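Novice: Can you keep this structure in mind? I'll have questions shortly.
Readers should treat all values here as calculations from the given coordinates under stated rules, not as data from a laboratory. Keep in mind it's a predicted model, so treat the numbers as computed, not measured. For neighbour counting, all protein chains shown are included, and Cβ atoms are generated from backbone atoms with ideal geometry for every residue, glycine included.
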Amino acid sequence: MPFLRFRAMDAQKVATQSTPLIDELSELLGTPAEYFTLEVVASTFIKDGAITNGFPVVEITWFDRGAEKQQATANIITKHVAQMGYPEVDTIFMLIERSKYYENGVALG
């Protein structure tokens with residue numbers, strides 16, 4: 001935890017930036033690097049009756065860390081996605097309540 005899902009992005013490009021991205025986020029959030037999960041979601045995007053490339057989106061599922069850390073996280077992600085060759089990206093935060101997150105059947109909250 002946190003989980004980062006990348007949409008409309010090349011998996012190899014995400015892999016290339018994965019270590020510096022996670023290192024920077026780990027330092028910001030005080031979360032060990034091994035707690036992060038990155039996933040590139042293979043999707044088919046459709047617009048006006050045609051298949052398109054889609055627009056880069058990063059979804060972050062995590063516990064609330066406050067507005068300041070959320071903004072800093074969005075800035076870090078935007079910087080690294082730009083280094084992947086995507087000049088624009090939407091970043092979406094999905095909050096999980098600790099009482100609704102289980103590790104091996106045990107709730108964290």
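Novice: Over the chain, what is the relative contact order in whole percent, taking alpha-carbon pairs under 8 Å and six or more residues apart?
Specialist: 31
Novice: Mind listing the long-range amide H neighbours of residue 40? Cut-off is under 5 Å, sequence gap 5 or more, other chains count too, H placed in the peptide plane at 1.01 Å from N.
Specialist: 6
Novice: Can you say what percent of the DSSP beta bridges in the chain, counting only those with both residues inside, are antiparallel? Round to 5.
Specialist: Within the chain, antiparallel bridges account for around 50 percent of the total.
Novice: Counting other beta carbons within 10 Å of each Cβ, put 101, 86 in order, fewest first.
Specialist: Exposure proxy ranking, most exposed first: 101, 86.
Novice: With 10 angstrom as the radius, rank 98, 7 by how many other C-beta atoms surround their C-beta, starting from the fewest.
Specialist: With the sparsest Cβ surroundings first, the list reads 98, 7.
Novice: Within the range 59-109, list the GluC sites (Glu not before Pro) lying in a DSSP loop whose Cβ has at most 11 other Cβ atoms in a 10 Å radius.
Specialist: Filter output for the range 59-109: 88, 97.
Novice: A follow-up question, please. List, in order, the whole-Hz ³J(HN,Hα) value for each residue of the range 61-72 obtained from phi through the Karplus relation with A = 6.51, B = -1.76, C = 1.60 and θ = phi - 60°; use x for Gly and Pro.
Specialist: Each residue of the range 61-72 in turn: 9, 7, 7, 4, 10, x, 5, 5, 6, 5, 4, 5 Hz.
Novice: With axes computed from alpha carbons, what is the tilt in degrees of helix 11-29 against the longest principal axis of the chain, rounded to the nearest 10 within 0 to 90?
Specialist: For helix 11-29, the angle is close to 30 degrees.
Novice: Sorted from fewest to most neighbouring beta carbons within 10 Å, what does the list 69, 47 look like?
Specialist: 47, 69
Novice: In addition: Just one of (i) 49, 24, 21; (ii) 36, 35, 23; (iii) 45, 28, 25 is Cα extents along the principal axes in Å calculated from these coordinates, so which is it?
Specialist: After the calculation, the listed value that fits is (iii).
Novice: Separation between the residue 47 and residue 67 pseudo-spin-labels, each 7 Å from Cα along Cα→Cβ, expressed in nm?
Specialist: Distance between label points: 3.1 nm.
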